[in-house]
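Everything below concerns the one structure shown next.
The values are calculated or read from the model by the stated rules, or taken from the named source; none is laboratory data. Just so it is clear, the model here is predicted, and its values are computed rather than measured. Positions of Cβ are generated from backbone atoms using ideal geometry, with glycine treated the same way; all protein chains shown enter the neighbour counts. Heavy atoms of the whole protein, side chains included, go into the accessibility calculation; ligands, DNA and RNA do not. Shrake-Rupley method; radii C 1.70, N 1.55, O 1.52, S 1.80 Å.
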Amino acid sequence: MVLIDKLSPKPVYEQLIDGIEKNILLGIYPPGSLLPSVREFSHILGINPNTVQKSISELAARGLVISSPGNGCFVSENAVALLKERARKRLPALEGTVRELLLSGIEAEELEQLVRKTIKNFNEDSNGGTV
Amino acid sequence: MIRIEHVTKAFETYKQPITALDDVSITIPDGSIFGLVGSNGAGKSTLFRLLAGVYKPDKGELFLDDEKIFNNPRAKEHILFIPDDFYYLSNGSLDKMAKLYRSFYKSFDTDRYEDLKKKLDLDGKASLSSLSKGTRRRAIIALGLCAMPKVLLLDETFDGLDPMMRGAVRNLLYADVLERRSTILIATHSIRELEDTCDRMAMIHKGKVLLDSETDGATEGYVKIQFARSAPYDSTLFEDLSPLRFTQSGSVCTFMAKGDKTDLEVRLSSLDPMLLEIVPMNLEEVFLCKMEELGYTAAL
């Protein structure tokens, strides 16, 4: 399932989208698998079914899930590839951050260490961590 | 679908007539959970009584699926209103009330009634007046759901319910919307409650609709700003932004404004700030701002 923080300023439907995307990447909802139904999401998370529907429609618009009337909603076969492609677009932003940090006098070595440590920790618990 | 079209309703008082609703138009699609928030005396309950067909509008008209609501049993049998001060037969039990409801609502589902009594831990034989406020509230909501109305009007629904029952009742409403595409209208003072539960909402104040939108997008375009600079200044510096809720302490001020975040960032950066923070507002803050714009303040 997905965790929803009702006190977060982030809208519930966005939290649900993020949660489902993360679960796709973690292999909890692997490509080709059936997503929990609107009813299940609504009931278990205690959120409005129309909100759930809105999140799933958005995921479908992004090509990550395919809804099959009567059968439910499936994770599309290329969902992981799509998410990877999107993540790659965030690399330039990281470049900007690195430049800012270097400009502020952070040592290159310190930065490299942080990156190496993060990758090491990620590979060890391999659950994708939290963002 | 519910259509409220240019509805005006005024009441005579000993001083002068009060316009409770002034040219209100709202459309509510089937299957939505619609929240209605407003200041005290904004006209929420008046709107509900009009929707329930209790009042006749002075001007304009209200429709359920293209049927006029007032004086029309064909529309009214699909609408159920649970007011804040619910009427129940003196010494009447829940079972007796269910019998009464069954006579009004042809679609009343007896199996569901028996099932909900168990699920919500209700005693059908106990006199309603002997129950606590929260238990009575729970009983009445169960009764409303069993009548299987297309439209359920709930005034201060969750008032008096403990967190556990709040969750249970909310899930019952969600299931009802999902299975039957019923439409639920909730009037409340608790914006938190509304943000959690409703997918669409309207804010009303002094009989007028201030905002009618999806709950998720309602705060778009409203920001809170913190600003500081060494050169002296006062609120007139931001006059072109029409700042609301402006407070200043020394060189630091905070205020709220309408507008796009990046756009405001550019404009305010030109004023030579030492500190500039722009964050989105929550729904409650938007509501307060909207009311202040209209000159409604509680000076404390």
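Please label the shape of chain B as rounded, prolate or oblate, based on the square roots a ≥ b ≥ c of the eigenvalues of the alpha-carbon gyration tensor (a/c under 1.5 means rounded; beyond that, a/b larger than b/c means prolate, else oblate). Kindly include the intermediate steps, with their values, before the conclusion.
Working: a/c = 2.48, a/b = 1.99, b/c = 1.25.
Taking the square roots of the gyration eigenvalues as a ≥ b ≥ c, chain B is prolate.
Over chain B, with a Gaussian network built from C-alpha contacts below 10 Å, which listed residue (B:Ile33, B:Ile79, B:Ile225) shows the highest mean-square fluctuation?
With Cα springs under 10 Å in chain B, the top fluctuation among B:Ile33, B:Ile79, B:Ile225 is at B:Ile225.
Pairs B:Lys76/B:Lys117; B:Lys9/B:Lys44; B:Lys76/B:Lys208; A:Lys10/B:Lys206: which are spaced more than 22 Å apart, C-alpha to C-alpha? If you can, show how the numbers build up before the last one.
Values: B:Lys76/B:Lys117 25 Å; B:Lys9/B:Lys44 12 Å; B:Lys76/B:Lys208 25 Å; A:Lys10/B:Lys206 30 Å.
In this structure, B:Lys76/B:Lys117; B:Lys76/B:Lys208; A:Lys10/B:Lys206 exceed 22 Å between Cα atoms.
Return the whole-Å distance between the Cα centroid of region B:19-76 and the Cα centroid of region B:121-156.
First find each Cα centre; the distance between them is then 22 Å.
May I ask what percent, to the nearest 5, of DSSP beta bridges between residues of region B:66-204 are antiparallel? Present the calculation step by step, with values, prior to reporting the outcome.
Numbers: 1 of 10 bridges.
Around 10 percent of the beta bridges assigned by DSSP in region B:66-204 are antiparallel ones.
Given 25 °C and 0.890 mPa s, compute D for chain A with the Stokes-Einstein relation, Rh being the Kirkwood radius over Cα pairs; round to the nearest whole µm²/s.
On the way: Rh = 16.8 Å.
Value of D from the Cα-based Kirkwood radius: 146 µm²/s.
Aspartates and glutamates near B:Lys99 by alpha-carbon distance under 14 Å, same-chain residues fewer than 8 away left out - which ones?
Straight-distance partners of B:Lys99: B:Asp109, B:Asp111, B:Glu114.
Kindly state, to the nearest 0.05, the FRET efficiency for B:Ser129 paired with B:Asp162, given R0 = 22 Å and r defined as their beta-carbon distance.
Values: r = 20 Å, r/R0 = 0.93.
Between B:Ser129 and B:Asp162 the formula returns 0.60.
What accessible area per residue comes out for the protein assembly as shown, rounded to a whole number of Å², with a 1.4 Å probe? Could you put the intermediate results ahead of the total?
On the way: 23340 Å² over 431 residues.
Dividing the accessible area of the protein assembly as shown by its residue count gives 54 Å².
Can you give the extra length, in nm with one decimal, that the chain gains between B:Arg192 and B:Ser235 once fully stretched, where that is 0.36 nm per residue apart less the Cα-Cα distance?
Values: separation 43, 0.36 × 43 = 15.48 nm, distance 3.07 nm.
Extra length available between B:Arg192 and B:Ser235 comes to 12.4 nm.
Taking only C-alpha pairs under 8 Å that are 6+ residues apart, what is the relative contact order of chain B in percent? Each step should come with its number before you reach the end.
On the way: 532 pairs, mean separation 57.8, N = 300.
Relative CO of chain B lands at 19 percent.
In Å², nearest 100, what accessible area do chains A and B bury in total when the solvent probe is 1.4 Å? Before the final figure, lay out each step's value.
Values: alone 9280 and 15290 Å², together 23340 Å².
The contact between B and A buries close to 1200 Å².
Picking from A:Leu45, A:Leu26, A:Leu102, which is most flexible by a Gaussian network model of chain A using Cα springs under 10 Å?
A:Leu102
Measure nothing fancy, just the Cα-based angle from helix A:91-103's long axis to the longest principal axis of chain A, in degrees from 0 to 90, nearest 10.
That helix lies at roughly 30 degrees to the long axis.
What's the FRET efficiency of A:Leu103 with A:Asp125 using the Cβ-Cβ distance as r and R₀ = 51 Å, to the nearest 0.05? Walk me through the numbers on the way to the answer.
On the way: r = 32 Å, r/R0 = 0.63.
E(calc), rounded to 0.05, equals 0.95.
In degrees between 0 and 90, to the nearest 10, how far off the longest principal axis of chain A does helix A:12-26 point, with axes built from Cα atoms?
70 degrees
Over its Cα atoms, what ratio of radius of gyration to 2.2 N^0.38 Å does region B:34-150 give? If you can, show how the numbers build up before the last one.
Numbers: Rg = 15.5 Å, N = 117, 2.2 N^0.38 = 13.4 Å.
Expressed relative to 2.2 N^0.38 Å, the Cα Rg reads 1.15.
Which one of B:Cys198, B:Cys146, B:Cys253 has the biggest mean-square fluctuation once chain B is modelled by GNM with Cα springs under 10 Å?
It is B:Cys253.
Can you tally the net charge around B:Leu145? Count Lys and Arg as +1, Asp and Glu as -1, for every other residue whose Cβ sits under 9 Å from the Cβ of B:Leu145. Walk me through the intermediate numbers first.
Details: positive: B:Arg112; negative: B:Asp109, B:Asp176.
Once positives and negatives cancel, what remains is -1.
Between B:Met1 and A:Arg62, what's the calculated FRET efficiency when r is the beta-carbon distance and R0 is 22 Å? Round to 0.05. Provide the component values of the computation, followed by the final result.
Details: r = 30 Å, r/R0 = 1.34.
Result of the calculation: an efficiency of 0.15.
How large is log10 of I(q)/I(0) for the protein assembly as shown at q = 0.06, 0.09, 0.12 Å⁻¹ when the intensity is taken from the Debye formula with one equal scatterer per alpha-carbon?
-0.35, -0.75, -1.15
For peptide B:177-185, how many partner chain Cβ atoms fall within 10 Å of a residue's Cβ, on average? List each step's numbers first, then the result.
Values: counts 4, 10, 2, 0, 0, 0, 0, 1, 0.
Partner Cβ neighbours, averaged per residue: 2.
Report D for region A:12-82 in µm² per second (integer): Stokes-Einstein, Kirkwood Rh on Cα pairs, 10 °C, 1.306 mPa s. Can you show the working numbers first?
Numbers: Rh = 11.9 Å.
Reported coefficient: 134 µm²/s.
Give the peptides B:101-108, A:116-123 in descending order of average Cβ contacts within 10 Å, highest first.
Numbers: B:101-108: 14.0, A:116-123: 10.1.
Answer by packing, highest mean first, reads B:101-108, A:116-123.
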